[in-house]
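Quick one: the structure is below, and I'll ask about it shortly.
Nothing in this text is a laboratory measurement; each read-out follows from the coordinates by a stated rule. Only a predicted model underlies this, so the values are computations on that prediction, with no experimental measurement involved. Cβ: placed from backbone, ideal geometry, glycine included. Neighbour counts: every protein chain shown.
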Amino acid sequence: MKYRQIKRCENINVSEIALGCEGFLGKSKAGYIAMTDKAFDLGINFIDMYTSDPVFRSNFGAAIKGRRHNIVLQGHIGSAWENGQYLRTRNISKARLAFEDQLKRLGTDYLDIGMIHYVDGMEDFNKIFGGDFIKYCESLKQKGAIRALGMSSHNPVVALKAVETGLIDVLMFSVNAAYDMMPPGENVDDLFEPENYKKGFVNADPHRTKLYEYCEREGIAIDVMKTFGGGDMLSAELSPFGVAFNEYQCIEYCLTRPGVVSVMAGCHSTEEMEKLTGYYTASAEERDYSLVLSKMDKFKFHGNCMYCGHCAPCTMGINIADVNKYLNLSLAQGGVPETVADHYKLLEHHGGECIECGRCEKNCPFGVEIIKKMKKAQEIFGY
Ligand code: SF4
Ligand code: SF4
């Protein structure tokens, strides 16, 4: 397992492959313990708990008893339980009761990440960030009941507005190669609607690209939901592309988006967990999503770096995907931010070392003019 840091919270390091909570639901107490034991064995130390189901909270609390500090807990603020059912709420009293219930049942006095639950609409965003709800969330952070403040969303416009407030440390966002082509919208069902993909798309939606780049630049950690598009991405019949990805290609795609620290997988069994962590021993070919993305008829990625790494190896050892990433982060900003300059400096080889041999361009499935990009990187970073 590999770990990435939540940059705005120095002490929080999360596993690249993490758990959603849906796979626990309906299991016995022994099932919760078996799933949790397996997660720890595999090095998984991060879970998202969107559900307000009291059975989940109590059983999971029992499963982590005595090892609370080995796991990073991401719980949701505004996910409540009323009349035996889940309720999304912006009512402070209900949110407070649900939050306190969460801590009590989990057997802890803090969450590592408190997520403002599911904000896709602009009206909802304005209500939360312009009113008492955000003050309540900030008060939780001030008193140490949450260490980091997050927000979950499927809408890149709303998500960008949220991270631009400077209040959000972690963004939970729906990411996969199909959703990344879709224009923004307030209705999450649009992302799953096959009709919306029929006409095809050229290149990733610029709102999503802008969001990921903003998060990377500002050190806001993205943890990913819908890595497999609810399973659709894994099936040629159901995938909007008409081509199946495998699990490792989906994970690799997400982990190579700027800003992303972790993918949340809704594993339903210990076997599924084992399979997904097989990502680390899978071959480069098994993980290479460019093999799928470059062969589609209606969906074209051309001229823009997808950070897939298919162009490697470079004759001079340059990590071309990383150089392109830092170049794009700077170009989008209209200058070189200090943090990006620091990251570029840490690379072992730099754009300026390119000898224009052309080997990489033959290997790039997306027609990226790599030599020009390396020269541009040299121009703006100075080496
Ligand atoms: S230059 Fe091409 S092959 Fe290399 S990382 Fe970018 S898209 Fe992939
Ligand atoms: S053209 Fe430049 S970046 Fe590409 S393989 Fe050759 S040295 Fe590396």
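Search the structure for amide H atoms under 5 Å from the amide H of LEU19, placed 1.01 Å from N in the peptide plane, and list their residues when 5 or more places away or on another chain.
For LEU19, whose amide H was placed from the backbone, the distant partners under 5 Å are PHE46, ILE47, ASP48, ALA265.
Gain in length, ASP41 to LYS65, computed as 0.36 nm per residue apart minus the alpha-carbon separation, to one decimal in nm?
Taking ASP41 through LYS65 to full extension adds about 7.0 nm, to one decimal.
Residues with amide H under 5 Å of ALA148's amide H, sequence separation 5 or more or different chain, H placed in the peptide plane at 1.01 Å from N; which?
Counting only residues 5 or more places away or on other chains, the set is ILE113, GLY114.
Same structure again: Modelling each spin label as a point 7 Å along the Cα-to-Cβ direction, I'd like the SER283/LYS94 distance in nm, to one decimal.
Between SER283 and LYS94, the label points sit 5.3 nm apart.
Another one. Please report, to one decimal in angstroms, the Kirkwood hydrodynamic radius of the chain built from all distinct Cα-Cα pairs.
21.6 Å
Under 10 Å, Cα contacts only: if you run a Gaussian network model on the chain, which one of ILE116, ILE64, ILE44 comes out with the highest mean-square fluctuation?
It is ILE64.
Stretched out fully, how many nm does the piece from LYS210 to GLU193 gain, at 0.36 nm a residue minus the Cα gap?
Net length gain for the segment: 3.8 nm.
Compare TYR253, TYR326, TYR136 in a GNM of the chain, Cα atoms joined below 10 Å, and give the one with the largest fluctuation.
Of TYR253, TYR326, TYR136, the most mobile in the Gaussian network model is TYR136.
Mind checking the full-extension length gain between LEU25 and LYS127? Use 0.36 nm per residue of separation minus the Cα-Cα distance, one decimal, nm.
That pair, LEU25 and LYS127, stretches by 33.6 nm at full extension.
Tell me the Kirkwood hydrodynamic radius of region 320-381 in angstroms, computed as one over the mean inverse distance between distinct C-alpha pairs.
One over the average 1/r among Cα pairs gives 11.9 Å for region 320-381.
Still on this structure, please answer the following. Pick from CYS250, CYS215, CYS357 the residue whose mean-square fluctuation is largest in a GNM of the chain, springs joining Cα atoms under 10 Å.
In the Gaussian network model the winner is CYS357.
Further, regarding this structure: What is the list of residues in region 200-231 whose amide nitrogen lies under 13 Å from a point 7 angstrom out from the Cα of LEU346, following Cα to Cβ?
Zone members listed by number: 217, 219.
Report, in debye and to the nearest 20, how large the dipole of region 3-285 comes out about its Cα centre when Lys and Arg carry +1 and Asp and Glu carry -1 on their Cβ.
That gives a dipole near 1040 debye.
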